[in-house]
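Input: a single structure, listed below in structure tokens.
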Amino acid sequence: MLIFLHILGNNIVPIFTIIILGFIISNKFDLNIFTLSKLIFYLFIPGFIFVNLYTAELSFDMLRILFFSIAYMGASYLVAIIISKIRKYDVSLTSAFQNSIMFNNSGNIGISLVTLVFGSAPFVLGGKTPYLTLALTSQVIIMVFMNITMNTIGFYNAGRAKMNVKDSMYQILTMPCIYAILLALVLKYYKIEIITTPLWPTLVYIKDGLVPVSLITLGVQLSKTKFDFGNIDVNIAVFTRLVIGPILALIFIYIFGFYGVIAQTVLISFSVPTAVNTALIAVECDNHQEFASQEVVISTIFSAITLTSVIYIAGTLFPV
């Protein structure tokens, strides 16, 4: 029991505290979710991806994590398709359901959680560890993949019920994170040094702002969402993301032969709730906003329980 309380208090509570602060401030001042979503999509996400991709040490293990992410997303897509067929969803709800299953919160909650778990976790990893850099690099690869696919496939999914292919592709190409990825890779490939330039501190400030702003935005979204714990479709999506999702991740971890820090990071990362950005994408594309928002909020609430268990299981199954 002590270890569960430690994980809950040191890894889960800090994240949810920021979300609650966003909820409280939004209720008092009625913050604009559209403005916050624009800041996240057009400033904080591109900045975060650029800085972390530019500074990441890319190895063969990182490539394996990328292949893992592709395999996992493919399996999640199939699960979502099967459930959607059984439930007889229309095209728009199927798209929203797919997004809620395929895209997890590897950015704000994932990055925060990995930092807390591997930065200082005496009951799981023996105190301050030398594993944080490897864990964060692994998490960044997952996050980059998740953001590329979310801002391409996710937008296409959300918009295809109301947009043609041309309009959907235009929506995708307006997302600056795509260009941030390309720019970071080009600069890295040609070994162009920008860390010593005056621009770098600005990029770092932007990168550091993603987690708190995203968590606050989730709190704002929560404050504007009507809770309906009896919505069967939302509950199915939540169960799939928080229970079936980690099981799929565990299966693929053994298939890919991951162990230690990487295995723990991957399991934790693919056990987090649905990405906040799926709700923001639903807002942008006007596609089942209520379903998307409720799924994000409810999966986030229940993840306080499931993530505590997953962190314990990760440390037990894949010791370092």
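The values are calculated or read from the model by the stated rules, or taken from the named source; none is laboratory data. This one's a predicted model, so the numbers in the text were calculated from it and none came from an experiment. We place every Cβ from the backbone using ideal geometry, glycine too, and count neighbours over all the protein chains shown.
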Filtered residue count, segment 127-148, keeping only those that are out of contact with any Cys (no Cβ under 8 Å at 6 or more places or on another chain), modelled with pLDDT under 85 and β-branched (Val, Ile, Thr): 5
Close pairs from segment 191-214: first touching a residue at least 24 places away in the same chain (Cβ under 8 Å), partner assigned to a loop (DSSP other than H, G, I, E, B), Cβ under 9 Å, at least 6 apart: Leu203/Ile194; Leu210/Gly107; Val211/Gly107; Ser214/Asn105; Ser214/Gly107
Tally of residues being more than 18 Å from Thr217 (Cα to Cα) and surrounded by fewer than 24 Cβ atoms within 10 Å (Cβ to Cβ) across segment 288-301: 0
Residue match in segment 81-89 (condition: in contact with a Lys or Arg (Cβ under 9 Å, 6 or more places away or on another chain), more than 29 Å from His6 (Cβ to Cβ) and surrounded by fewer than 24 Cβ atoms within 10 Å (Cβ to Cβ)): no
Test: residue in segment 290-303 that is modelled with pLDDT under 80 and of a type in the set (Gly, Ala, Ser): no
Residue check, Lys38 of a type in the set (D, E, K, R) and over 27 Å from Val140 (Cβ atoms): no
Filter pass, Ile82 being under 29 Å from Phe239 (Cα atoms), under 16 Å from the mean Cα position of the chain (by Cα), assigned to a helix (DSSP H, G or I) and not charged (D, E, K, R): no
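Yes or no, residue by residue, for (1) more than 18 Å from the chain's Cα centre (by Cα); (2) assigned to a helix (DSSP H, G or I); (3) among the aromatic types (Phe, Trp, Tyr):
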site: Phe4; (1), (2), (3): yes, yes, yes
site: Gly9; (1), (2), (3): yes, yes, no
site: Phe16; (1), (2), (3): no, yes, yes
site: Ile19; (1), (2), (3): no, yes, no
site: Ser26; (1), (2), (3): yes, yes, no
site: Ser37; (1), (2), (3): no, yes, no
site: Tyr42; (1), (2), (3): no, yes, yes
Residue in segment 186-215 that is surrounded by the most Cβ atoms within 10 Å (Cβ to Cβ), counting only those that are in a helix (DSSP H, G or I) and in contact with a Leu (Cβ under 7 Å, 6 or more places away or on another chain): Val213
Every residue from segment 239-271 that is touching a residue at least 12 places away in the same chain (Cβ under 8 Å) and either touching a strand residue (DSSP E or B) at 6+ places or on another chain (Cβ under 8 Å) or not in a helix (DSSP H, G or I) (or both): Arg241, Gly245, Phe258, Tyr259, Ser269, Phe270, Ser271
Test: Thr316 is part of a helix (DSSP H, G or I) and crowded, with 19+ Cβ neighbours inside 10 Å: no
Candidate set from segment 57-93 (those that are at pLDDT below 90 and of a type in the set (S, T, N, Q)); member that is farthest from Ile148 (Cα to Cα): Ser92
